[in-house]
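Presented below is the structure to which this report refers.
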Amino acid sequence: MSSSPQIRRADRLMPEERARQTLAAGYCGRLSTVGADGYPYCVPLLYLVMDGEIWVHNSRARGHLRANVEHEARACFEIDQAGEVFPYGRFECDSSLAYASVIAFGRVRVVEDEAAKQRFFEALMAKHAKPEWDRPKGFFPRLNEITVYAMTIERLSGKESPLPGPGERWPAVDRTKSPQARPPAATPREAGHGQRR
């Protein structure tokens, strides 16, 4: 597992229980693995947290993900919930994003047990299916054509930055990180831009 570096923005760190709740509630995540050539590979997947692990699936065909997992079990999984971009200062670089994100490190394995795969798909559909879909429940005729992966959670961290209220954003409050900066004077062409001739 990668060593845990000092978190630069400790003020944005989520308590572990909130990070676990955010992870469990997420929609889609990105699983990152490393291949025999040393290159990382990241793929977006629907997922769920089951039995304290992160479960995902894809085709039974031996593609990039399967080759990487067979080469190296260590992996990283990330989810995020992007919010609104907002200004906090007077310059364009004084912009930020409201967000929540969770990163998990662990080891991935291929799940071969048919009963576990069935349980995974039933839970996945319970999480993502719409109630109005009138289809047979618990019936997955192509179960053998799909690979299911489970990733242990050896280390987990979450960060978030909530959207400040209007009174806490620019122009009500100026929190620029470069208060001494002065924009260059407008050129005659820029000064006349938008004026009628």
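Where a number appears in this text, it was derived from the coordinates with a stated rule and is not lab data. Source: prediction; values computed, not measured. Ideal geometry is used to build each Cβ from the backbone, glycine not excepted, and the neighbour counts take in all protein chains shown.
Can you give me the distance in nm between label points at Ser157 and Asp37, each placed 7 Å from the Cα along the Cα-to-Cβ direction?
3.0
If you filter the stretch 61-139 for chymotrypsin sites (Phe, Trp or Tyr not before Pro), then keep DSSP loop positions with at most 10 other Cβ within 10 Å, what is left?
The qualifying sites are Trp133, Phe139.
State the extension gain, in nm to one decimal, for the chain segment bounded by Met50 and Arg109, taking 0.36 nm per residue of separation less the distance between their alpha-carbons.
19.8 nm is the gain from fully extending Met50 to Arg109.
Among the trypsin sites (Lys or Arg not before Pro) within the stretch 36-119, which fall in a DSSP loop and have no more than 11 other Cβ atoms within 10 Å of their own Cβ?
Answer by residue number: Arg62.
Between Ala25 and Ala172, what is 0.36 nm times their sequence separation minus the Cα-Cα distance? Round to one decimal in nm.
49.5 nm
What are the extents of the Cα atoms of the stretch 10-172 along their three principal axes, listed from largest to smallest and rounded to whole Å?
Each principal axis gives a Cα extent; for the stretch 10-172 these are 58, 46, 27 Å.
Which longest uninterrupted range of the chain lacks any GluC sites (Glu not before Pro) assigned by DSSP to a loop state (not H, G, I, E or B) and surrounded by at most 13 other Cβ atoms within 10 Å?
1-91
Which lysines have a Cα less than 19 Å from the Cα of Lys137, not counting those fewer than 8 places away in the same chain?
Lys117, Lys127
Can you pull out the trypsin sites (Lys or Arg not before Pro) in the stretch 127-167 whose DSSP state is coil and whose Cβ has at most 13 other Cβ atoms within 10 Å?
Lys137, Arg142
Using a 7 Å offset from the Cα along the Cα-to-Cβ direction at both Glu70 and Trp133, what is the distance between the two label points in nm, to one decimal?
Here the answer is 3.0 nm between the modelled labels.
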